[in-house]
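Enquirer: Pasting a structure below so you can have a look.
The values are calculated or read from the model by the stated rules, or taken from the named source; none is laboratory data. Small disclaimer: the values here were computed from a predicted structure and weren't measured. Here Cβ is always computed from backbone atoms with ideal geometry, including for glycine, and neighbour counts include all displayed protein chains. Quick note on the areas: whole protein, heavy atoms, side chains included, nothing else; ligands and nucleic acids left out. Shrake-Rupley method; radii C 1.70, N 1.55, O 1.52, S 1.80 Å.
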Amino acid sequence: MVQGGEVAAWRRALVAGLVLATLAAGLVGIEISRATDHTASWWPAAGVGVVALFAAPRSWWPSLVAALYVANLLANVLGGHPWDASLGLALADVLEVVVVCWGTRRIIGRHLEGLTDLAWLVGVSLAGALVAAVGVAVCARLFLGGDFLRTVLVTTGSHWASVIVIAPTGLLPHRSVRRPRAAPVVLHALLLFGAILFAFGPSNDLAMAFAPLPLVIWAGVAFGSRVVVIEQVLMASAVTILTVRGYGPFVSDLHPAGSLASNLVTQLYLVCLVVTGLPLALAVRQQLLANVAVRSEQRRTEAVIDSSTTPIMVADVNGIMLLANPAVTRLTGFTPEDLLGHGFWERLLPPEQWEVTRRAFADPDRIPQRGETVIRTAAGGERVVSYSNGLYHSPDDGSLQYVLTMTDLTEERATQHLLQHLLRSATTVAIVGTDRTGRITVVNAGAEALLRIDARAATRHSFLDFLDPDQLTLRGVAAGVPIGFETLVHDVTEAESRTRDWTWVPPDGVPLVVSMTTSVIADGSDSPIGYLFVARDVTETRRNQELLREALQREQLAVDHLRALDDAKDDFVSTVSHELRTPLTSIIGSIELLEDGMAGELLPAQKQMIDVIERNAERLLSMANDLLTLASYESPSAPVTHLEPLDVRTVVQASHASVIGLLSSRDLKLSEDLPAEPVLVDGEAAYLERALTNLLSNAIKFTRDGGEITTTVSVDRDAERCRLSVSDTGVGIPEDEIQNVFQRFFRSSNVRADAIQGTGLGLSIVRSIVERHHGDIDVHSNPGQGTTFTITLPLASGVRTD
Ligand code: ADP
């Protein structure tokens with residue numbers, strides 16, 4: 001706002017100054033011609049008034065015109081003209097100013113930019129001068145007794161010269177193309193005034209009016225319109241003043257100063273000065289502006305070519321390279337130094353093509369406009385490019401030039417080949433591409449085979465035509481999405497594909513199950529441009545899988561059934577054993593009473609039979625006990641053994657003590673081999689004693705007299721385990737039966753043959769106990785030589801961490 005206010009104030013001051021200058025110029029005009037005539041021979045007030053109007057905005061014009069009228073009136077009155085004449089003369093002057101300004105604004109605008117503008121200004125100012133001349137002549141005739149025609153001629157000349165000289169100062173080009181240096185301008189101004197003084201000075205009688213002209217031309221060519229306009233105002237003032245003073249070539253005895261001829265020649269001379277210097281300045285300015293425009297256009301073109309990602313080369317008619325932009329270097333690796341000055345084929349084409357290409361340039365019609373070719377790179381590689389070739393006239397010298405642009409297609413072609421190869425070769429995999437709506441755009445050989453349709457026919461279909469409609473509906477409803485192509489692709493994103501079994505229904509109607517991966521084809525933006533479906537026929541696989549699943553289901557049912565039977569059998573055995581125990585105990589008790597003679601003394605035969613009954617009853621009781629023990633160990637509800645650290649050596653000693661009774665009637669050697677240090681395991685003593693006692697009693701039972709039984713304990717610190725083995729030199733176990741020894745009720749053939757009694761449950765109990773202690777049991781046997789059972793137990797946790 002402040003700045004705008006300052007500008008307006010500055011402008012008001014300028015315009016006010018110009019109004020005052022109009023007054024002064026009017027006075028000067030009257031003064032310089034006072035001696036000779038009642039009408040002014042030069043009227044600078046007209047030019048100054050025009051400049052004042054140019055300097056003011058349109059809105060000021062009415063009041064400004066009034067002010068100019070007053071200024072002209074005052075100048076006339078003060079210059080000595082009577083009031084009535086002054087009123088008319090001032091009106092004529094202001095009318096001229098208005099005509100010139102109005103005409104200039106309409107036709108030229110605010111600035112003199114070229115020769116046409118100047119021509120218009122010459123015309124408009126002549127029209128204004130004529131208007132003024134007629135007005136002044138009327139006044140001169142009416143009030144001053146002047147000659148009408150003579151006044152018209154003089155006034156036309158004086159006003160025209162005034163406006164044409166001064167008005168351009170208000171129409172200067174708004175942008176200076178070049179800024180002349182001060183020293184040459186000052187030198188030129190001095191020379192110019194020297195020339196004017198020489199031509200129009202008091203001491204010169206020669207007709208030297210042309211003398212300043214070369215300097216005017218020099219100014220027009222060298223300094224621009226601003227300097228020319230200012231100089232021509234000063235020059236016109238000087239010429240006029242000198243001439244009316246009676247000096248210079250336009251005054252003679254025949255035509256003294258102020259004479260019609262002198263005035264007209266002077267004014268014509270001034271107009272000539274203007275139309276010599278100013279057009280030159282304007283023409284040079286236009287030329288410079290055109291040069292600037294051409295240069296900036298050239299720079300822009302160069303920048304566009306340099307920054308273009310398209311490789312561009314320019315060659316002359318012979319194919320010699322004149323220009324290669326940086327994109328060419330990026331594509332080929334050749335620098336401009338490598339390329340320029342050579343036929344382009346020398347670098348970019350293989351030698352066998354050089355001659356053909358060079359000859360082709362002899363006849364431009366043979367040079368292809370566009371095409372695809374392979375070019376070489378500086379690194380010895382190859383690039384596939386498409387090129388287009390245009391023939392132009394060089395803007396510099398009009399010569400013919402080729403402009404060659406290239407597009408690198410190497411990756412595209414490689415991808416294309418790869419894609420075609422993929423599409424052709426993948427016959428076991430079906431590939432279907434669709435657009436966004438599901439219309440098929442491409443299918444490979446695999447898809448042709450699975451859909452039983454050829455590629456051309458497939459592209460007339462929507463992919464939905466090949467899907468099972470019932471399955472589509474079910475899945476669409478389940479997913480809560482519209483039934484249709486949306487059902488197929490709703491859960492696929494650019495980042496994530498989806499694989500699922502789908503049923504395809506080819507046109508021949510035999511459906512097949514495919515495992516199909518759906519993925520999005522995107523164009524780099526967020527929106528998909530299509531979808532890709534890659535599918536594999538899994539009909540056979542799925543059928544086999546279904547058969548397998550059904551078989552497994554049936555087997556599971558059978559296993560469950562067997563397990564239930566097994567459980568029922570176990571329950572039965574356990575119940576029967578339990579129920580047997582009570583009567584057996586009572587039978588054995590009764591037998592003992594009979595043996596003790598409670599029912600009278602027994603006869604030897606009775607005693608013998610009672611012994612048999614007792615032995616078998618005890619055997620039966622032992623079997624019932626064993627069965628119950630085993631059932632309790634193997635029952636899922638059996639209490640978990642309470643394990644605590646104990647010394648295996650104590651277990652061995654306790655077991656040996658419990659079998660001592662069995663050895664009383666036998667000739668067997670029972671020994672033990674125990675470490676000196678305690679061997680601690682986490683276990684329950686009663687159970688481990690039972691297991692070891694079972695092994696020892698078997699060893700005693702199956703070893704003939706004279707044999708040996710040894711119990712050994714050893715420790716494997718590395719494995720953090722201890723081994724407890726019972727070896728005998730007994731009958732052994734046949735090799736082909738040894739894998740069955742831990743099965744319930746198993747008894748080896750040799751034992752059965754020898755009628756050695758037993759239930760076949762002892763080792764099952766041993767294995768159960770060992771497993772409950774997280775151990776293993778193993779057996780090695782040589783029939784006829786002996787058997788070794790080895791129990792391996794983990795060392796007690798406290799010992800292991802030591
Ligand atoms: P039982 O001793 O009551 O027959 P076990 O389950 O203890 O039942 O043993 C099963 C079978 O393993 C025995 O009948 C026998 O055939 C064989 N067996 C077990 N220990 C030995 C051994 N030390 N020597 C030879 N055979 C053995």
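Enquirer: So, in the range 516-544, how many residues would count as being closer than 23 Å to residue 472 by Cα and assigned to a helix (DSSP H, G or I)?
Expert: 5
Quick grid of which residues meet (1) touching a residue at least 40 places away in the same chain (Cβ under 8 Å); (2) touching a strand residue (DSSP E or B) at 6+ places or on another chain (Cβ under 9 Å):
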position: 737; (1), (2): no, no
position: 758; (1), (2): yes, no
position: 767; (1), (2): no, yes
position: 781; (1), (2): yes, yes
position: 785; (1), (2): yes, no
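Enquirer: Can you name every residue in the range 104-123 that is in a helix (DSSP H, G or I), closer than 20 Å to residue 280 by Cα and of a type in the set (A, V, I, L, M)?
Expert: Passing the criteria: 115, 118, 119, 121, 122.
Enquirer: Quick one: count up the residues across the range 502-513 that are within 19 Å of residue 484 (Cβ to Cβ) and either aliphatic (A, V, I, L, M) or touching a residue at least 60 places away in the same chain (Cβ under 8 Å) (or both).
Expert: Qualifying residue count for the region: 1.
Enquirer: Looking only at the range 373-426, count every residue that is surrounded by 15 or more Cβ atoms within 10 Å (Cβ to Cβ), of a type in the set (D, E, K, R) and part of a helix (DSSP H, G or I) and tell me the total.
Expert: Matching residues across the range 373-426 total 1.
Enquirer: Examine the range 727-735 for a residue that is within 25 Å of residue 573 (Cβ to Cβ), away from the ligand (no atom under 12 Å from the Cβ) and either open to solvent by 50 Å² or more (accessible area, probe 1.4 Å) or not in a helix (DSSP H, G or I) (or both), and state whether such a residue exists.
Expert: no
Enquirer: For the range 736-747, give me each residue that is of a type outside the set (Phe, Trp, Tyr), open to solvent by 30 Å² or more (accessible area, probe 1.4 Å) and near the ligand (Cβ under 7 Å from one of its atoms).
Expert: Correct list: 747 only.
Enquirer: Residues in the range 666-709 that are among the aliphatic types (A, V, I, L, M), open to solvent by 40 Å² or more (accessible area, probe 1.4 Å) and within 16 Å of the ligand (Cβ to nearest atom): how many?
Expert: 1
Okay, residues lined up against (1) open to solvent by 30 Å² or more (accessible area, probe 1.4 Å); (2) free of Cβ contacts under 8 Å to residues at least 12 places away in the same chain; (3) part of a helix (DSSP H, G or I):
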position: 218; (1), (2), (3): yes, no, yes
position: 240; (1), (2), (3): no, no, yes
position: 247; (1), (2), (3): yes, no, no
position: 270; (1), (2), (3): no, no, yes
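Enquirer: While we're on this one: Can you find a residue that is of a type outside the set (Lys, Arg), open to solvent by less than 40 Å² (accessible area, probe 1.4 Å) and not in a helix (DSSP H, G or I) anywhere in the range 125-132?
Expert: No: the range 125-132 contains no residue that is of a type outside the set (Lys, Arg), open to solvent by less than 40 Å² (accessible area, probe 1.4 Å) and not in a helix (DSSP H, G or I).
Enquirer: In the range 719-755, what residues are among the β-branched types (Val, Ile, Thr), in contact with a Phe, Trp or Tyr (Cβ under 7 Å, 6 or more places away or on another chain) and closer than 21 Å to residue 626 by Cβ?
Expert: Once the filter is applied, which keeps residues that are among the β-branched types (Val, Ile, Thr), in contact with a Phe, Trp or Tyr (Cβ under 7 Å, 6 or more places away or on another chain) and closer than 21 Å to residue 626 by Cβ, the range 719-755 yields 726, 751.
Enquirer: Looking at the range 748-802, which of its residues are more than 12 Å from the ligand (Cβ to nearest atom), assigned to a helix (DSSP H, G or I) and either touching a helix residue (DSSP H, G or I) at 6+ places or on another chain (Cβ under 6 Å) or open to solvent by 20 Å² or more (accessible area, probe 1.4 Å) (or both)?
Expert: Selection gives 769, 771, 772, 797, 798, 799, 800, 801.
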